[in-house]
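One structure is given below, encoded as structure tokens.
Please treat every number below as a calculation from the coordinates, not as lab data. All figures in this text were calculated on a predicted structure; none of them were measured in a lab. No Cβ is skipped: glycine too gets one built from the backbone with ideal geometry, and neighbour counts run over all protein chains shown.
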Amino acid sequence: MTALPTAIDHAARYRQHLAACGYQAKPATEWDARAAQSSWRRRHDDYTEAFLARLDLRNVASVLDVGCGPGLLTLPIARQVAEVHALDYSAGMLAGLRAAASAEGVHNVHSWQRSWEEDWDDIPNCDVAIASRSLMVPDLAAALAKLDGHARQRACITFSTGPRSGVPELAALLGRHWTPMPDHRYPINLLLDMGREPHVDYLPVSVRDSSQDVDDLLRQAAGLFDALDARDEGRIRDWHAASPSHRLGLAPTRRWAFISWQTGD
Ligand SMILES: C[S@@+](CC[C@H](N)C(=O)[O-])C[C@H]1O[C@@H](n2cnc3c(N)ncnc32)[C@H](O)[C@@H]1O
């Protein structure tokens, strides 16, 4: 008989995967700068709608929203429950959230400037805890356990299923070595290791419905692959020009897995 291979330590494997991608944790100030982007809301409408359609808020009085950003989910959720605790480490994101809440007359949102890593002892446990697109953290196992511990009934997260479409093609076009970030298999396995039963659903991919500007594509490519030389730029321009209606390029967002599980003892 062949012996079973050693059990996989998913938490360690996730950390190794992050290291292989050259991942560096972002400081909150990087998100502060992005909070100001006026296109946030419009670009993320499809995602927000798909997330809310899967979030069951029946018999739910309180929700904890971790990595809430400017509140694309926080505010619609606050209209359906008695109170929402919204947590983010970015002061800019929380300022955006508070401005939007007051403009929309929403008064039951409590905001907390806090990171995944800091102490949450003073943050109340809620019926449901969510973390939407906010789990690219150095210690995923610890973050999932923390979210789980703050949810009396259920927790829901979204985690990317892979890179945005267009990125692998662009890496191949430029001949760059590129390792995709960890995907949703990690939280699923970590939840199973925690003794939870994750339910997995997939959000539809947002479709780019307008042509993509070549300069925008060049900017995004430089952000992904560092300095582009004249040959790289030429290849990207040709790639863009050859695509029907200039629609070939980077998808606006990724495909997200919606993962939920029952918490409590
Ligand atoms: C992509 S946005 C998602 C916002 C919102 N949840 C949504 O789906 O629309 C990620 C958010 O997570 C926050 N975030 C990232 N890392 C964090 C950390 N370590 N602790 C707390 N918040 C964090 C960022 O400031 C940002 O607001």
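Quick one: net charge around ALA86, please, counting Lys, Arg +1 and Asp, Glu -1 for every other residue with C-beta under 13 Å from its C-beta. Present the calculation step by step, with values, prior to reporting the outcome.
Numbers: positive: ARG98, ARG114; negative: ASP65, GLU83, ASP88.
Surrounding charge for ALA86 is -1.
May I have the convex hull volume per residue, in Å³, for the Cα set of the chain? All intermediate terms of the calculation are to be shown ahead of the outcome.
Working: hull volume 42.1 nm³, N = 265.
Each residue corresponds to 159 Å³ of Cα convex hull volume.
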**Fill in**
Comparing GLU83, GLU30, GLU197 in a Gaussian network model of the chain (Cα, 10 Å), the one with the largest mean-square fluctuation is GLU30
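Counting only helical runs of four or more DSSP H residues, what would the 222 nm mean residue ellipticity of the chain come to if each run contributes -39,500 (n - 2.57) and the total is spread over all its residues? Before the final figure, lay out each step's value.
Details: 11 runs with 103 residues, N = 265.
Helix-only estimate at 222 nm: -11000 deg cm²/dmol.
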**Against the rule of thumb 2.2 N^0.38 Å, how large the Cα Rg of the range 1-157 comes out** = 1.14
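Note down the Stokes-Einstein diffusion coefficient of the range 124-244 in µm²/s, whole number, using a Kirkwood radius over alpha carbon pairs, 4 °C, and 1.567 mPa s. Present the calculation step by step, with values, prior to reporting the outcome.
Values: Rh = 17.3 Å.
Diffusion coefficient, whole number: 75 µm²/s.
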**Prompt:** Using a Gaussian network model of the chain with C-alpha springs under 10 Å, which one of ILE188, ILE157, ILE123 is most mobile by mean-square fluctuation?
**Reply:** ILE123
**Request:** List the residues whose amide H sits under 5 Å from the amide H of SER111, counting only those 5 or more places along or on another chain, with H placed 1.01 Å from N in the peptide plane.
**Result:** ALA86
